[in-house]
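The next block holds one structure in the form of structure tokens; read it before the comments.
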Amino acid sequence: GENVEQHPSTLSVQEGDSAVIKCTYSDSASNYFPWYKQELGKRPQLIIDIRSNVGEKKDQRIAVTLNKTAKHFSLHITETQPEDSAVYFCAASITTGNQFYFGTGTSLTVIP
Amino acid sequence: KAGVTQTPRYLIKTRGQQVTLSCSPISGHRSVSWYQQTPGQGLQFLFEYFSETQRNKGNFPGRFSGRQFSNSRSEMNVSTLELGDSALYLCASSSRGAIYEQYFGPGTRLTVT
């Protein structure tokens with residue numbers, strides 16, 4: 001089955017700096033890659049996603065890039081703010097397989 | 001639209017007991033997936049249901065089972081509870097036959113003593 005690895009496991013940045021979280025996947029058939037943000041004690045929230053026919057997608061301060069050849073995708077957060085502090089999960093899915101494979105999460109701390 | 005809801009939010013059970021958790025998806029969503037979240041293992045896929053049929057199952061023992069009703073509400077059952085079953089159980093719903101966006105419920109925090 002699919003194996004998703006996520007790095008780093010923890011990340012601290014100064015407010016206003018950028019944060020980058022990277023994930024790799026193993027199954028070249030994976031075609032959908034969402035990112036979730038989970039604040040302490042809350043449910044995971046979908047923040048951005050990308051499909052395999054797209055190389056990059058941006059939504060305000062958040063962007064995701066996908067390199068299908070290398071089988072990796074990354075989350076970029078610019079101009080970080082304290083409210084960006086949370087655990088971020090990447091996932092990979094073969095959509096017709098109806099199953100998501102999650103990375104182990106990155107705990108992001110934005111220092112004011 | 002109302003979001004995904006899960007009941008109960010918290011449960012304390014004793015080893016050997018069984019438990020049933022409930023998930024109500026977003027209105028119109030027909031796919032419900034269940035996950036176990038633990039600090040060490042992250043989000044582990046349990047199973048997924050679509051139109052009352054289990055379409056996929058993760059690598060969990062047979063003590064973990066589920067079902068889905070005609071109104072898309074889903075239940076998950078764990079029998080013969082073990083200490084290691086203590087976790088946050090999350091369900092997520094999706095509207096499509098082939099899953100794209102999944103929206104999570106708040107979870108049920110299960111503690112086994």
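Output the number of residues of region A:29-46 satisfying the condition of being free of Cβ contacts under 8 Å to residues at least 24 places away in the same chain and of a type in the set (A, V, I, L, M).
Counting residues in region A:29-46 that are free of Cβ contacts under 8 Å to residues at least 24 places away in the same chain and of a type in the set (A, V, I, L, M) gives 1.
Output the number of residues of region A:37-52 satisfying the condition of being within 11 Å of the chain's Cα centre (by Cα) and within 12 Å of A:Val64 (Cα to Cα).
Kept after step one, since they are within 11 Å of the chain's Cα centre (by Cα), are these residues of region A:37-52: A:37, A:46-50.
With the extra rule that they be within 12 Å of A:Val64 (Cα to Cα), the set shrinks to A:47-50.
The number of residues fulfilling the criteria is 4.
Criterion first (over 26 Å from B:Thr108 (Cβ atoms) and at pLDDT 95 or above) does A:Ser18 satisfy it?
Spelling it out, A:Ser18 is indeed over 26 Å from B:Thr108 (Cβ atoms) and at pLDDT 95 or above.
Report the residue count in region A:86-110 for those that are surrounded by fewer than 20 Cβ atoms within 10 Å (Cβ to Cβ) and under 20 Å from A:Gly41 (Cα atoms).
4
So B:Asn59 clears everything in (1) within 14 Å of chain A (Cβ to nearest Cβ); (2) on the phi > 0 side of the Ramachandran plot; (3) not hydrophobic (A, V, I, L, M, F, W, C) except one condition, right? Which one?
Result: B:Asn59 passes all but (2).
The values are calculated or read from the model by the stated rules, or taken from the named source; none is laboratory data. Just so it is clear, the structure is predicted and the values come from calculations on it, not from any experiment. In this analysis, Cβ positions are derived from the backbone assuming ideal geometry, glycine residues included, and neighbour counts consider all displayed protein chains.
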